[in-house]
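The values are calculated or read from the model by the stated rules, or taken from the named source; none is laboratory data. Just so you know, these numbers come straight off a predicted model, no measurement behind them. Note: ideal-geometry Cβ built from the backbone for every residue, glycine included; neighbour counts use all protein chains shown.
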Amino acid sequence: MAPPTATFDHLREADLDEDEFDEEEVDVSDLREKYEVALDQGYDHFVVVDGLPEVTEDQKPKLVKFLQKKLNSVGKTREDQIYMPMGDNGKSLRFAFVEYSSAAEASAAVRQLDMVPLDKKHTLRVNKLTDVERYGREGRIDEEYQAPHIEEFQEKEHLRSFLADPAGRGRDQFVMHRGDTVGVFWNNDRDEPENIVDRQFWTETFVQWSPLGTYLISVHAQGVQLWAGASWSRQRRFGHPFVNLVAFSPNENYLVTWSNRPISIGDDAHPQLTRDDDGKNYVIWDIVTGKPLRSFANLDTPAGPDGAVKPPRQPWPAFKWSSDDKYVARMTQGQSISVYTLPSMGLLDKTTIKVEGVMDFDWAPTTPKRDGVKNYEQLFCYWTPEIGSNPAKVGLMSIPSKEVIRSLNLFSVSDAKLHWQSDAAYICVKVDRHSKSKKSQATTLEIFRVKEKGVPVEVVDTIKDTVINFAWEPKGDRFVIITAPEPPGAVAVAPKTNVAFFCPEKAKGNAIGNFRHLRTLEKKNSNAIYWSPRGRFVVVATVHNQQSSELEFYDLDFEGEKPEAEKDLTANLQLMNIADHYGVTDIEWDPSGRFVASWASAWKHSMENGYHIYDFRGELLREDHLEKFKQWSWRPRPATLLTKEEQKQIRKNLREYSRVFEEEDAQRITGANQEVIERRREKLREWLDFLDSALTEASEEREAMGLPADPAEELRRAKMAELAPGEEEQVIEEIVEEVIEESEEVVST
């Protein structure tokens, strides 16, 4: 195969004799128009592979065959489509031209093979031929090597400095978005929050914390930006035009952005995206480097007449991450699940996982340590509906081995929802079943005990009403459900709901007993469940409801007397408090589990916008009504660095720590009271100084005007002069009595 370097001018110089043909006499414009090739369009299926070992002509065939195996992992090419130039010394020039069957395969080679080791000593560098030609043609490559300028090292701010509260009180931060202003604050319990930073027009739509609290993301028409550090400086930019939604990977290594408008790369070069990203809606970014890893188009979303693409049918996020950030998966509903490895973004084993009829899937939130398994892998759960005579199915698949470690067949299934517990010890599959006539519906809870040998499945009692909400206790084994006679939206007026609590029975040792119904609270308006991130406490609330806005605070480990019927259960339920926040739209616990924030967002209604802060018992600490209040979000904290043994030791000595904290709180309160007293004394001193200066000024003015220094004494003397000789001044006292109430009582003797 000849090297792909021929344009019409090169062909003319090689094949035509200038002595025979004079360009002025021969019109070749038609040939030029017919055969000239535009580099950006004609060679887009060629790549240049650099970084190859230096070989002789005899060694060349072996290297080509070895290289072909690598190249065919992302596309199709043949030996005769790999051209490796040789130097005058009979050795190769350490690069090769490769022709793929399509431009998409060439793009995949650049994306997946660049920086991939060929052997221990050589690393491939893969670029598009069109890029090499374009940069060389535009004079961007200097013929003479210039050593790169190495900038001096500059120490950066600690991105997790927020963990060290300068007040020494372990306070948490939160972000507030009101009007056009976004601010970050320290929470001060009952007192006014302490502002850290406040900026106008910091975002054009919303702000969002990263999962571990390292970054704050702002969203703009040109893309998104990450902010962090004590000075809140910009750390990264991701240029995705008209971005609508963003999602981080669990460990903050990657970012997914989505826009309802397809990316359009025009004639002007984009600073981060390329023509391969044209027409795509999703972009997956590497946060450390700020570079895009891969882009994707929407699935099953035809463009409208204006060219805009409708929002994806799948709920956000469409791309879901494994807990270790090594894999990201996307589902083609009804067909397959595509698992990509990071950071190469290549398909796992170069193929999708075919799952006929798949409706939903979800990764385990952590790597479960299963009994009897030595090598722990990532897990995801999926479910498929009934297809023909085949039953519905729930499956647990292990990645990267793709082994289905547990499956469960289900019948008469209308819908299913997957709910992982935070430690991946359980996954509850909420199954809505219909009767044979399909006129009535019931719900069962199928709980997979993931960490136990063989992954047994426990079925919780059939629930006749529709389960509209389900929530596991974080780091625990209890859960709460909310049921209603009719599904939401089925009736004009929202029906009364029931709130049911479930917990395991007591068992010997560390074993977890079977799940049992604890208690049901009937005829409520509740529709939302918010567990404390530390477990034990839960808020059951009514949000987005004009008729009711209650927040009920429950303790599931109440230290009081337990009812006799619940003696064998691992919970003691107690209602601690009921609060009311009119128009509440959102509720969120702080990371420590000490405070709860509720707010009424102007994005959802314009009535009494603002926020409330409660302690974990439901006592209102602070409320603030703010015009155009839009958003509140607590800053997450990374996982603790303490071992389980150290945490147990702290719990064991908690009373000693509590005394220290109580003393610090008392000193802080005393200090605050002393500060108030000092302010009052200062005000009194200021008043006395003012009074003294005013009296001095009045005395000087009286002296200048010839008036007596003490007019009251002068007046008394004048009255004394009016008295007859020997007559003394008399003081007359007048006593006035007023009967307020009078009553008569007959006393028998």
In region 241-254, what count of residues is obtained for those that are more than 14 Å from W209 (Cα to Cα) and crowded, with 19+ Cβ neighbours inside 10 Å? 1
Region 395-427, residues that are more than 26 Å from D349 (Cα to Cα) and of a type in the set (G, A, S): S412, S414, A416, S422, A425
Of all residues in region 382-434, count the ones that are over 16 Å from E356 (Cα atoms) and of a type in the set (S, T, Y). 6
V455 meets each of (1) modelled with pLDDT of 95 or more; (2) under 22 Å from R516 (Cβ atoms) with one exception, condition (1)
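Which of the following residues is at pLDDT below 95, among the acidic types (D, E) and closer than 26 Å to Y554 by Cβ: E588, E645, E662? Reasoning before the result, please.
Numbers: E588 fails: at pLDDT below 95; E645 fails: closer than 26 Å to Y554 by Cβ.
Just a single option satisfies the conditions, and that option is E662.
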Considering only residues that are surrounded by 14 or more Cβ atoms within 10 Å (Cβ to Cβ) and part of a loop (DSSP other than H, G, I, E, B), look in region 573-587 and name the one that is farthest from the chain's Cα centre (by Cα). L573
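Tally the residues that are of a type in the set (A, V, I, L, M), part of a strand (DSSP E or B) and without any contact (Cβ under 8 Å) to a residue 40 or more places away in the chain, restricting the search to region 588-613.
Initially, region 588-613 is screened for residues of a type in the set (A, V, I, L, M), giving 596-597, 600, 602, 607, 613.
Among the residues that remain, those that are also part of a strand (DSSP E or B) are: 596-597, 600, 613.
Applying the additional criterion that residues be without any contact (Cβ under 8 Å) to a residue 40 or more places away in the chain yields 600.
The number of residues fulfilling the criteria is 1.
Any residue at all in region 346-354 that's without any contact (Cβ under 8 Å) to a residue 60 or more places away in the chain, in contact with a Lys or Arg (Cβ under 7 Å, 6 or more places away or on another chain) and in a strand (DSSP E or B)? Please lay out each step first, then the result.
Start the filter on region 346-354 by keeping residues that are without any contact (Cβ under 8 Å) to a residue 60 or more places away in the chain, which leaves 347-349, 351-354.
When the remaining residues are screened for being in contact with a Lys or Arg (Cβ under 7 Å, 6 or more places away or on another chain), the result is 353.
If we keep only those that are in a strand (DSSP E or B) as well, we get 353.
Checking region 346-354: at least one residue is without any contact (Cβ under 8 Å) to a residue 60 or more places away in the chain, in contact with a Lys or Arg (Cβ under 7 Å, 6 or more places away or on another chain) and in a strand (DSSP E or B).
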Return yes when L641 is in a strand (DSSP E or B) and over 18 Å from G583 (Cα atoms) and no when it is not. no
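Residues T181, T257: which one is touching a strand residue (DSSP E or B) at 6+ places or on another chain (Cβ under 9 Å), crowded, with 17+ Cβ neighbours inside 10 Å and either closer than 27 Å to A602 by Cβ or modelled with pLDDT of 95 or more (or both)?
On the way: T181 fails: crowded, with 17+ Cβ neighbours inside 10 Å.
Only one candidate qualifies: T257.
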Please indicate, with yes or no, whether at least one residue in region 648-666 is assigned to a helix (DSSP H, G or I), surrounded by 12 or more Cβ atoms within 10 Å (Cβ to Cβ) and touching a residue at least 12 places away in the same chain (Cβ under 8 Å). yes
Filtered residue count, region 70-99, keeping only those that are assigned to a loop (DSSP other than H, G, I, E, B) and crowded, with 19+ Cβ neighbours inside 10 Å: 4
Tabulated pairs, region 100-126, first modelled with pLDDT of 90 or more and surrounded by 18 or more Cβ atoms within 10 Å (Cβ to Cβ), second part of a helix (DSSP H, G or I) and among the β-branched types (V, I, T), C-beta under 7 angstrom, 6+ apart or interchain: V126/V110
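Could you list all residues from region 228-240 that are within 20 Å of the chain's Cα centre (by Cα) and either surrounded by fewer than 17 Cβ atoms within 10 Å (Cβ to Cβ) or free of Cβ contacts under 8 Å to residues at least 24 places away in the same chain (or both)? Can you show your working first?
The initial filter retains those residues of region 228-240 that are within 20 Å of the chain's Cα centre (by Cα), namely 228-229, 232-240.
Those that are within 20 Å of the chain's Cα centre (by Cα) and either surrounded by fewer than 17 Cβ atoms within 10 Å (Cβ to Cβ) or free of Cβ contacts under 8 Å to residues at least 24 places away in the same chain (or both): W232, S233, R234, R237.
Quick check on S633: is it part of a strand (DSSP E or B), small (G, A, S) and either touching a residue at least 40 places away in the same chain (Cβ under 8 Å) or not assigned by TED's automatic domain parsing to the domain that holds T205 (or both)? Before the answer, list the steps.
Numbers: part of a strand (DSSP E or B): yes; small (G, A, S): yes; either touching a residue at least 40 places away in the same chain (Cβ under 8 Å) or not assigned by TED's automatic domain parsing to the domain that holds T205 (or both): yes.
The answer is yes for S633.
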Looking at G334 and the list (1) at pLDDT 90 or above; (2) at negative phi, which single condition is not satisfied? (2)
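Quick one: would you say F616 is under 28 Å from P474 (Cβ atoms) and without any contact (Cβ under 8 Å) to a residue 40 or more places away in the chain?
On the way: under 28 Å from P474 (Cβ atoms): yes; without any contact (Cβ under 8 Å) to a residue 40 or more places away in the chain: no.
For F616, the condition - under 28 Å from P474 (Cβ atoms) and without any contact (Cβ under 8 Å) to a residue 40 or more places away in the chain - is not met.
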Name the strands (runs of 3 or more DSSP E) wholly within region 104-198 that hold at least 3 residues that are in contact with a helix residue (DSSP H, G or I) (Cβ under 8 Å, 6 or more places away or on another chain) and within 30 Å of S295 (Cα to Cα)? 125-128
Would you check which residues across region 165-178 are touching a strand residue (DSSP E or B) at 6+ places or on another chain (Cβ under 8 Å) and closer than 17 Å to S592 by Cα and list them? D165, A167, R171, D172, Q173, F174, V175
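Given the criteria polar (S, T, N, Q), surrounded by 15 or more Cβ atoms within 10 Å (Cβ to Cβ), in contact with a strand residue (DSSP E or B) (Cβ under 8 Å, 6 or more places away or on another chain) and without any contact (Cβ under 8 Å) to a residue 40 or more places away in the chain, does Q225 qualify?
Working: polar (S, T, N, Q): yes; surrounded by 15 or more Cβ atoms within 10 Å (Cβ to Cβ): yes; in contact with a strand residue (DSSP E or B) (Cβ under 8 Å, 6 or more places away or on another chain): yes; without any contact (Cβ under 8 Å) to a residue 40 or more places away in the chain: yes.
Yes: the conditions hold for Q225.
Among residues belonging to region 127-163 that are surrounded by 10 or more Cβ atoms within 10 Å (Cβ to Cβ) and aliphatic (A, V, I, L, M), point out the one that is modelled with the lowest pLDDT.
Initial filter on region 127-163 (surrounded by 10 or more Cβ atoms within 10 Å (Cβ to Cβ)): 127-137, 156-163.
Imposing the further condition that a residue be aliphatic (A, V, I, L, M) reduces the set to 129, 132, 159, 163.
On the way: L129: 86, V132: 74, L159: 92, L163: 92.
Of everything passing the filter in region 127-163, V132 is modelled with the lowest pLDDT.
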